[in-house]
Amino acid sequence: MTSPYVHGYDENARIRLQDQARSLVDLLHSDTSYPAGSTVLEAGCGTGAQTVTLARNSPGARITSIDVSAVHLEEARARAAGLNNVEFRQADLFDLEKEVFDHVFVCFVLEHLSRPRAALGVLKGLLKPGGSITVIEGDHGSAYFHPDSDAAREAIACQVELQRRAGGNANIGREVYPLLVGAGFKGVRVSPRMVYADSSRPHLVDGFTRKTFTAMIEGVRGDAIAAGIVQSERFDDGIKALHRSTEADGVFCYTFFKGVGEK
């Protein structure tokens with residue numbers, strides 16, 4: 001079952017997803033490409049931020065990208081205009097017809113599902129024997145920064161708690177290996193992909209620390225306060241502390257986990 005999408009579908013959320021994709025292309029996608037003639041299912045394509053990179057890295061593959069949100073798909077189609085190896089469909093991965101693919105790609109999707117292992121089982125059933133699955137997830141518990149701040153950690157915890165209440169798991173990155181193994185995939189291997197941002201890497205400070213991670217946490221302010229998880233002043237102090245890590249002497253780190261397995 002797909003949980004409510006806690007990040008929202010408004011313009012700020014769409015811009016944040018674009019910034020995230022641009023800042024993480026090499027880190028997450030440099031070792032993913034598919035052979036010409038192969039069929040690829042991208043489950044949960046969102047606004048197409050990852051789809052464009054997938055399609056460009058594998059121009060000879062045929063990619064089917066699905067998402068439950070018509071709003072996201074509209075933007076994804078616009079973003080992928082000019083790419084002739086992608087087809088978009090509105091669908092829930094739990095309700096897919098028994099089509100068969102050579103490969104499956106899943107990025108930032110399992111964190112929003114109440115039954116991630118069941119979802120992986122469904123996707124396994126859509127793979128040809130010997131086919132591969134690639135899963136990428138973040139883990140909010142991996143975030144650390146300088147200067148350190150209890151208020152910032154509490155603001156991050158608000159997002160984690162709201163996602164938990166919605167049925168998801170913002171700390172799911174650490175579970176990619178056991179989830180894939182538990183779903184019956186073979187040869188599972190997981191690699192951590194750390195984002196490290198300091199003033200010597202201004203593109204990551206701006207694209208990831210400021211416009212992706214901090215913007216995501218800031219986006220749950222109203223819901224967190226309304227839910228009684230945090231007081232407004234404390235939350236705002238946390239956001240200020242996260243922005244403080246983007247200054248000349250600041251540092252921000254976050255780890256994604258990329259897992260690959262075979263049927």
Exercise for the section: May I ask you to list the residues in segment 53-79 that are at pLDDT 95 or above, farther than 15 Å from residue 104 by Cα and buried (at least 23 other Cβ atoms within 10 Å of the Cβ)? Expected result: 76
Fill in the blank from the handout: Within segment 90-106, the count of residues that are of a type in the set (Phe, Trp, Tyr) and either free of Cβ contacts under 8 Å to residues at least 12 places away in the same chain or buried (at least 18 other Cβ atoms within 10 Å of the Cβ) (or both) comes to 2
Practice task
Please specify each residue of segment 38-50 satisfying the condition of being part of a loop (DSSP other than H, G, I, E, B) and on the phi < 0 side of the Ramachandran plot.
Solution key: 38, 45, 47
Practice task
Within segment 107-122, work out how many residues are farther than 20 Å from residue 161 by Cβ and either acidic (Asp, Glu) or touching a Leu at 6+ places or on another chain (Cβ under 7 Å) (or both).
Solution key: 4
Exercise for the section: Considering every residue within segment 229-240, establish whether at least one is under 24 Å from residue 25 (Cα atoms), at pLDDT 95 or above and open to solvent by 10 Å² or more (accessible area, probe 1.4 Å). Expected result: no
Completion exercise
Scanning segment 203-233 residue by residue, the ones that are part of a helix (DSSP H, G or I) and either touching a strand residue (DSSP E or B) at 6+ places or on another chain (Cβ under 8 Å) or farther than 23 Å from residue 251 by Cβ (or both) total 13
Problem - Test: residue 162 is more than 27 Å from residue 251 (Cβ to Cβ) and of a type in the set (A, V, I, L, M) - result: no
Exercise for the section: Among the residues of segment 207-228, write down those that are over 23 Å from residue 137 (Cβ atoms) and open to solvent by less than 70 Å² (accessible area, probe 1.4 Å). Expected result: 222, 225, 227, 228
Exercise for the section: Scan segment 75-83 and give yes if some residue there is out of contact with any strand residue (DSSP E or B) (no Cβ under 7 Å at 6 or more places or on another chain) and under 22 Å from residue 132 (Cβ atoms), otherwise no. Expected result: yes
Exercise for the section: Could you please tell me which pairs satisfy a Cβ distance under 6 Å, a separation of 6+ or placement on different chains, a first residue in segment 61-82 that is free of Cβ contacts under 8 Å to residues at least 60 places away in the same chain and assigned to a strand (DSSP E or B), and a second residue that is open to solvent by 10 Å² or more (accessible area, probe 1.4 Å) and among the charged types (D, E, K, R)? Expected result: 64/87; 66/89
Exercise for the section: With respect to residue 53, determine if the residue is under 29 Å from residue 163 (Cα atoms), among the β-branched types (Val, Ile, Thr) and either without any contact (Cβ under 8 Å) to a residue 12 or more places away in the chain or assigned to a loop (DSSP other than H, G, I, E, B) (or both). Expected result: no
Handout entry: Restricting segment 90-105 to residues that are of a type in the set (A, V, I, L, M, F, W, C) and part of a strand (DSSP E or B), the residue that is nearest to the chain's Cα centre (by Cα)
Key = 105
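The values are calculated or read from the model by the stated rules, or taken from the named source; none is laboratory data. Keep in mind that what you see is a predicted model, and the values were worked out from it rather than measured. Every residue, glycine as well, gets a Cβ built from its backbone with ideal geometry; the counts of neighbours run over all protein chains shown. Ligands, DNA and RNA are stripped out before the accessible areas are found, and what is left, the full protein with its side chains, is counted by its heavy atoms. Shrake-Rupley method; radii C 1.70, N 1.55, O 1.52, S 1.80 Å.
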